[in-house]
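Before any comments, here is the structure.
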Ligand SMILES: CC(C)(COP(=O)(O)OP(=O)(O)OC[C@H]1O[C@@H](n2cnc3c(N)ncnc32)[C@H](O)[C@@H]1OP(=O)(O)O)[C@@H](O)C(=O)NCCC(=O)NCCS
């Protein structure tokens, strides 16, 4: 397995297509990727696992300023975590997430944030949080209003000295990722 780390601006068209195909295989057609390599917005960094010419795993990272109560905090959002169904359960997701954490630690982000099942992320240090989260809802790929809710799958890994306030209102200042 070869791990490649590529900034979005340097992503080749065939790699972009390979990510789109992988997301379709891992999440299924119902998940709403619509043949894209991203769900709602493009990312900043792609961490890809290749086996020969085939893409077998992927994690995307993007930086975003969010509101945490009255403060503004820069986070590294983790998204589109996927291992090809033929290769799941062999540690590829964990290996890519470890690379993602290492990459995020080299940025100005003060926390990593994702929405996912604890099974993969809790062993890596992510903790479930129950902050109310304000975000721009999307419907068929288009903004459909601003909503606030508690999202059970919210998980956070602090990176710097800033404390994650588990009771603060979080505003993603954009869509979910
Ligand atoms: C989730 C996913 C990326 C995991 O990839 P993977 O390469 O199979 O993961 P790993 O082999 O590194 O597994 C690491 C740990 O996560 C756990 N895990 C993996 N998938 C899980 C899931 N869907 N729910 C709960 N735990 C899960 C494994 O049990 C494993 O724990 P263990 O080491 O104690 O056995 C892969 O199953 C996938 O692509 N699923 C479909 C897309 C998806 O749901 N993505 C995640 C969105 S948040």
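Bear in mind that the values in this text are calculations on the coordinates, not laboratory data. Predicted model only: the values in this text are computed from it and were never measured. With ideal geometry, Cβ positions are generated from the backbone for all residues, glycine too; neighbour counts draw on all protein chains shown.
Table for the structure above
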item: Exposure proxy ranking, count of Cβ atoms within 10 Å, fewest first, for 92, 170, 72; result: 72, 92, 170
item: The range 2-175 - percent relative contact order, Cα under 8 Å, separation 6 or more; result: 20
item: Among 115, 33, 138, residue whose mean-square fluctuation peaks in a GNM of the chain (springs only between Cα atoms under 10 Å); result: 138
item: Length added when fully stretched, residue 70-residue 102, from 0.36 nm per residue minus Cα-Cα; result: 8.7 nm
item: Residue-span extension gain [residue 27 to residue 8] - 0.36 nm each, minus C-alpha spacing; result: 4.7 nm
item: Tilt relative to the chain, helix 92-105 - C-alpha long axis, 0 to 90 degrees, to 10; result: 50
item: Theoretical gain in end-to-end length, residue 17 to residue 127 [0.36 nm per residue, Cα-Cα removed]; result: 36.4 nm
item: Calculated FRET efficiency for the pair residue 1/residue 144, C-beta based, R₀ 41 Å, to 0.05; result: 0.55
item: Nearest-ten-degree value, helix 13-27 long axis tilted from longest Cα axis of the chain; result: 70
